[in-house]
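Please read the structure below before turning to the comments.
The values are calculated or read from the model by the stated rules, or taken from the named source; none is laboratory data. Small disclaimer: the values here were computed from a predicted structure and weren't measured. As a convention, Cβ positions derive from the backbone with ideal geometry for all residues, glycine included, and neighbour counts pool all protein chains shown. Heavy atoms of the whole protein, side chains included, go into the accessibility calculation; ligands, DNA and RNA do not. Shrake-Rupley method; radii C 1.70, N 1.55, O 1.52, S 1.80 Å.
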Amino acid sequence: MTASATDTTGIPIRGVQMSSGVRAWFQVHARSLAWLLPVLAIAVAVQAWNMTGTPQRIDDEGTYTAQAWAITNLGELTHYTYWYDHPPLGWIQIAGYTSLTGAFARYPFAVEAGREAMVFFAAASAVLLFVLGRRLGMHRWVSAAAVLVFALSPLALQYHRTVYIDNVATPWLLAAFILVLSRRQQLAGFVGAAACLGIAVLSKETFLLALPFLVWLAVRRADKSTRRYTLSVAGAVLAVIGGGYILLAAVKGELLPSAGKVSLLQGITYQLGSRQASGSVFTGDSLANEAAAQWWALDPVFIVLGSAAAVVGLFLRRVRPIAAMLVFLLLFMFRPNGYLPVPYVIMLVPFAALLVAYTAERSVLALTGVTAARAGSRGRAATQRALGMTWALATAAALVVAVPLWGSQLRGFLITDLDEPMAQAENWIGDNVDRSSRMLVDDAMWVDLVKDGFARDNVVWYYKLDTDGAVERQSPNGWKDSDYVVTTDSMRTGGNSSTDVRQAIQNSTVVASFGTGNQMVDVRRINPQGEAAAKREITQAADQRKTLGTQLAQNPGLEANAGTKSQFRAGQVDSRAMLGLGQVLADSSVQVARFTPMSGEDGQTFRRLVLTAQSPEAAVRVERTFGAMDTAVGPESMERNGDTLTVVFAPTDPTTTAISAS
């Protein structure tokens with residue numbers, strides 16, 4: 001190998017050396033790869049399988065996806081005014097992934113492309129968690145177990161799949177801890193750790209909470225003779241990266257508040273002080289309590305075991321800084337007047353998984369007597385064995401409880417399509433809503449509707465209706481300037497803080513509804529004249545349909561069963577369908593099938609008419625009759641098959657209104 005690595009001039013052949021270096025690296029790390037690759041494959045498979053179906057898309061991930069899409073498609077930092085609520089590096093990285101892989105072109109809904117990016121970041125985090133475990137002295141199988149906990153916990157999977165910038169920041173924070181534990185080239189390791197932490201913080205600002213504990217590890221690891229120098233250089237690197245964000249605001253003239261402009265200081269003030277507090281975790285119906293309840297419902301076993309492992313880890317010197325960080329982050333949640341974001345738990349998950357695996361390994365080592373030789377005395381060795389036995393039993397009990405619980409939860413993640421109502425609602429809008437309409441929507445739909453041909457200014461993220469000056473100028477009459485509002489669970493809960501959004505929902509009529517419970521998505525037509533006037537119009541329209549339907553039911557040319565005639569008499573049939581049918585019955589007899597609702601339109605007037613003429617030739621004449629109707633009230637589509645004709649009218653009836661006002 002040495003001889004073949006040079007040519008006749010004695011100059012090393014780069015290709016041969018590179019090949020030798022790669023081969024040597026694989027030889028050194030072969031055993032680690034044998035443990036890592038299978039668990040990594042499991043992690044990626046579980047993350048990716050049915051990622052578009054569960055959980056249902058939510059507003060927050062729609063926002064980060066839309067911001068990433070705006071970078072690559074609009075050349076803008078966000079799809080609305082950027083107001084420094086979060087540093088932009090998180091969705092810039094999502095934009096980089098989707099741009100390099102063409103992810104937006106592979107999925108019918110934009111958020112699904114963002115979820116693919118989350119698979120990538122979760123895989124990167126899994127690899128780095130394994131490496132961090134090895135840096136802390138964990139055996140390979142223990143590090144692999146930590147990756148499995150990180151990947152398979154239902155709590156982790158719920159949030160790893162969701163497009164959160166916390167997921168983007170996580171691998172950078174893990175890389176920072178790995179680099180600060182670097183055995184060689186300490187200056188480069190500390191500088192790299194500072195750079196990684198800076199990127200993590202500019203991806204999600206809450207990751208700055210890890211800084212004191214990363215410094216603690218750095219101080220412990222630093223060579224005393226160069227400690228001051230290496231820490232100073234690392235600190236300078238972190239300051240420069242953070243200063244870049246401040247410089248961005250200064251260059252844009254948005255560092256300090258000024259009339260008609262957003263500012264960095266205003267964004268920081270909002271996040272730290274003026275933002276609505278989440279309340280206490282112990283107070284029922286508070287935002288903090290709801291967030292904690294959601295975490296607990298997903299995986300109580302991991303929460304209890306991970307919290308206990310953090311406390312145990314305080315007594316284990318090697319992982320004490322990480323355990324202290326996890327304890328601090330847990331206690332930080334209980335502050336009474338702060339804001340607790342739902343994805344806050346994402347930062348905790350990898351370190352909790354690491355400590356669960358590490359403390360389990362230490363208990364096994366204590367039981368087998370491996371650590372007893374270093375105990376120093378028989379009494380201390382006996383104490384270690386007793387504590388090891390206690391923790392081993394606790395871990396085993398948690399495992400027994402977790403296996404069936406995780407199995408049930410993971411099955412739901414892998415086979416349930418909770419996002420189907422969102423997809424159905426978007427498809428209904430694309431098929432039935434005029435492209436000139438103005439809509440208030442959940443941000444999870446924003447990119448899809450803009451790509452589908454709706455004007456960007458007419459697709460309004462509900463949050464911006466009364467918080468963004470540009471949107472307010474486009475809507476001088478507030479909610480009354482919009483035609484539709486599409487309500488999701490995110491809007492029904494998050495929209496409560498907006499008077500305009502509440503008014504839009506209150507003064508609107510359901511025209512299509514999909515799903516049930518928290519997954520329900522309603523498409524509602526806004527009634528600018530107000531709720532009371534809309535109810536009067538609905539009642540009058542229903543009475544008119546009943547009168548017209550009763551007359552049709554008595555027509556001798558109408559061939560229909562008793563159930564179908566009762567639908568006419570009850571005023572459940574679209575007035576346009578009855579007007580056209582009345583013209584048909586003036587010339588010939590037809591058979592009308594039982595009416596059924598269009599998808600998502602249960603409780604609405606029936607706008608699909610299926611009738612059978614006396615012959616195919618008669619069906620052609622019936623088709624011409626419907627085709628001759630005025631375009632304002634004529635059918636949206638007609639399909640003839642022999643003597644059977646299916647006539648469908650648009651959901652918006654210019655002559656009447658839907659029955660339901662709920």
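State whether one or more residues within segment 268-281 are at pLDDT 90 or above, on the phi < 0 side of the Ramachandran plot and in a helix (DSSP H, G or I).
Residues of segment 268-281 that are at pLDDT 90 or above, as a first pass: none.
No, segment 268-281 contains no residue that is at pLDDT 90 or above, on the phi < 0 side of the Ramachandran plot and in a helix (DSSP H, G or I).
Under 6 Å by Cβ, and 6 or more places apart or on different chains, what pairs join a residue from segment 606-631 that is hydroxyl-bearing (Ser, Thr, Tyr) with one that is open to solvent by less than 10 Å² (accessible area, probe 1.4 Å)? These pairs meet every condition: 625/584.
Checked against the criterion of being closer than 25 Å to residue 211 by Cβ and open to solvent by 50 Å² or more (accessible area, probe 1.4 Å), the candidates 326, 330, 314 yield just one match: 314. All conditions in (1) over 29 Å from residue 339 (Cα atoms); (2) open to solvent by 10 Å² or more (accessible area, probe 1.4 Å); (3) free of Cβ contacts under 8 Å to residues at least 40 places away in the same chain; (4) assigned to a helix (DSSP H, G or I) hold for residue 98, with the sole exception of (2).
Pairs are defined by a Cβ separation below 7 Å, a sequence spacing of at least 6 or placement on different chains, a first member in segment 55-69 that is within 16 Å of residue 89 (Cα to Cα), and a second member that is acidic (Asp, Glu) and in a helix (DSSP H, G or I); the pairs so defined are 63/443; 66/443. Quick check on residue 80: is it in contact with a helix residue (DSSP H, G or I) (Cβ under 6 Å, 6 or more places away or on another chain), part of a loop (DSSP other than H, G, I, E, B) and touching a residue at least 60 places away in the same chain (Cβ under 8 Å)? Judged against the criteria, residue 80 is a match.
So, residue 418, is that one open to solvent by 20 Å² or more (accessible area, probe 1.4 Å), on the phi < 0 side of the Ramachandran plot and part of a helix (DSSP H, G or I) or not?
Details: open to solvent by 20 Å² or more (accessible area, probe 1.4 Å): yes; on the phi < 0 side of the Ramachandran plot: yes; part of a helix (DSSP H, G or I): no.
For residue 418, the condition - open to solvent by 20 Å² or more (accessible area, probe 1.4 Å), on the phi < 0 side of the Ramachandran plot and part of a helix (DSSP H, G or I) - is not met.
For segment 511-537, which residues satisfy the criterion of being more than 21 Å from residue 56 (Cα to Cα) and in contact with a strand residue (DSSP E or B) (Cβ under 7 Å, 6 or more places away or on another chain)? Across segment 511-537, the qualifying residues are 511, 525, 526, 527, 534. Checked against (1) buried (at least 22 other Cβ atoms within 10 Å of the Cβ); (2) part of a helix (DSSP H, G or I); (3) under 23 Å from the mean Cα position of the chain (by Cα), residue 340 meets all criteria but (2).
Within segment 257-273, one or more residues are exposed (fewer than 13 other Cβ atoms within 10 Å of the Cβ), under 14 Å from residue 85 (Cα atoms) and out of contact with any helix residue (DSSP H, G or I) (no Cβ under 8 Å at 6 or more places or on another chain).
From the set of residues in segment 468-495 that are among the small types (Gly, Ala, Ser) and either in a strand (DSSP E or B) or under 22 Å from residue 430 (Cα atoms) (or both), which is modelled with the highest pLDDT? Spell out the reasoning first.
Step one: of segment 468-495, the residues among the small types (Gly, Ala, Ser) are 469-470, 475, 478, 482, 490, 494-495.
If we keep only those that are either in a strand (DSSP E or B) or under 22 Å from residue 430 (Cα atoms) (or both) as well, we get 482, 490.
Details: 482: 96, 490: 91.
If we take residues in segment 468-495 being among the small types (Gly, Ala, Ser) and either in a strand (DSSP E or B) or under 22 Å from residue 430 (Cα atoms) (or both), then 482 is modelled with the highest pLDDT.
When each of 35, 69, 49 is tested for being of a type in the set (Phe, Trp, Tyr), more than 18 Å from the chain's Cα centre (by Cα) and modelled with pLDDT of 95 or more, the lone residue that passes is 35.
Considering segment 531-621, the qualifying helices (runs of 4 or more DSSP H), each wholly inside and each with 3 or more residues that are within 19 Å of residue 633 (Cβ to Cβ), run over 531-553, 575-585.
For segment 559-578, enumerate the residues that are without any contact (Cβ under 8 Å) to a residue 60 or more places away in the chain and open to solvent by 10 Å² or more (accessible area, probe 1.4 Å).
559, 560, 561, 562, 563, 565, 566, 567, 569, 570
In segment 186-203, the residues that are under 22 Å from residue 346 (Cβ atoms) and assigned to a helix (DSSP H, G or I) form Cβ pairs under 8 Å with partners that are of a type in the set (S, T, N, Q) and modelled with pLDDT of 95 or more, at six or more places apart or across chains, as follows: 200/170; 203/93.
Is segment 114-122 home to any residue that is under 30 Å from residue 320 (Cβ atoms) and in a helix (DSSP H, G or I)? Yes, there is a match, as at least one residue in segment 114-122 is under 30 Å from residue 320 (Cβ atoms) and in a helix (DSSP H, G or I). Close contacts from segment 534-545, counting a first residue that is farther than 14 Å from residue 573 by Cβ and a second that is at pLDDT below 90, with Cβ to Cβ under 6 Å and a gap of 6+ residues or different chains, come to 535/661; 537/657; 538/657; 538/661.
Against the list (1) in contact (Cβ under 8 Å) with a residue 24 or more places away in the chain; (2) part of a helix (DSSP H, G or I); (3) open to solvent by less than 10 Å² (accessible area, probe 1.4 Å), the condition residue 523 fails is (2). Please pick out the residue among 214, 231 that is touching a helix residue (DSSP H, G or I) at 6+ places or on another chain (Cβ under 7 Å), part of a helix (DSSP H, G or I), open to solvent by less than 50 Å² (accessible area, probe 1.4 Å) and modelled with pLDDT of 90 or more. On inspection, the qualifying residue turns out to be 214.
For residue 441, the test of being more than 30 Å from residue 155 (Cβ to Cβ) and either of a type in the set (S, T, N, Q) or touching a strand residue (DSSP E or B) at 6+ places or on another chain (Cβ under 7 Å) (or both) is failed. What do you reckon, is residue 319 farther than 18 Å from residue 290 by Cβ and open to solvent by less than 70 Å² (accessible area, probe 1.4 Å)? Taking the combined requirement at face value, the residue satisfies it.
Would you call residue 482 buried (at least 17 other Cβ atoms within 10 Å of the Cβ), touching a helix residue (DSSP H, G or I) at 6+ places or on another chain (Cβ under 8 Å) and more than 30 Å from residue 151 (Cβ to Cβ)?
Working: buried (at least 17 other Cβ atoms within 10 Å of the Cβ): yes; touching a helix residue (DSSP H, G or I) at 6+ places or on another chain (Cβ under 8 Å): yes; more than 30 Å from residue 151 (Cβ to Cβ): yes.
For residue 482, the condition - buried (at least 17 other Cβ atoms within 10 Å of the Cβ), touching a helix residue (DSSP H, G or I) at 6+ places or on another chain (Cβ under 8 Å) and more than 30 Å from residue 151 (Cβ to Cβ) - is met.
Scanning segment 180-211 for residues that are more than 15 Å from residue 322 (Cα to Cα) and either of a type in the set (Ser, Thr, Tyr) or surrounded by fewer than 18 Cβ atoms within 10 Å (Cβ to Cβ) (or both) gives 182, 183, 184, 185, 187, 188, 203, 206. Does residue 135 qualify as being in contact with a Phe, Trp or Tyr (Cβ under 9 Å, 6 or more places away or on another chain) and open to solvent by less than 20 Å² (accessible area, probe 1.4 Å)? So residue 135 fails the test.
Taking the options 494, 407, name whichever one is under 18 Å from the mean Cα position of the chain (by Cα) and either surrounded by fewer than 22 Cβ atoms within 10 Å (Cβ to Cβ) or under 27 Å from residue 108 (Cβ atoms) (or both). When all the criteria are applied, what remains is 494. Taken together, 547, 516, 499, 509 contain a single residue that is within 30 Å of residue 611 (Cα to Cα) and surrounded by fewer than 18 Cβ atoms within 10 Å (Cβ to Cβ), which is 547. Among what's in segment 421-467 and is under 21 Å from the mean Cα position of the chain (by Cα) and of a type in the set (Val, Ile, Thr), pick the residue that is most open to solvent (accessible area, probe 1.4 Å). Of everything passing the filter in segment 421-467, 450 is most open to solvent (accessible area, probe 1.4 Å).
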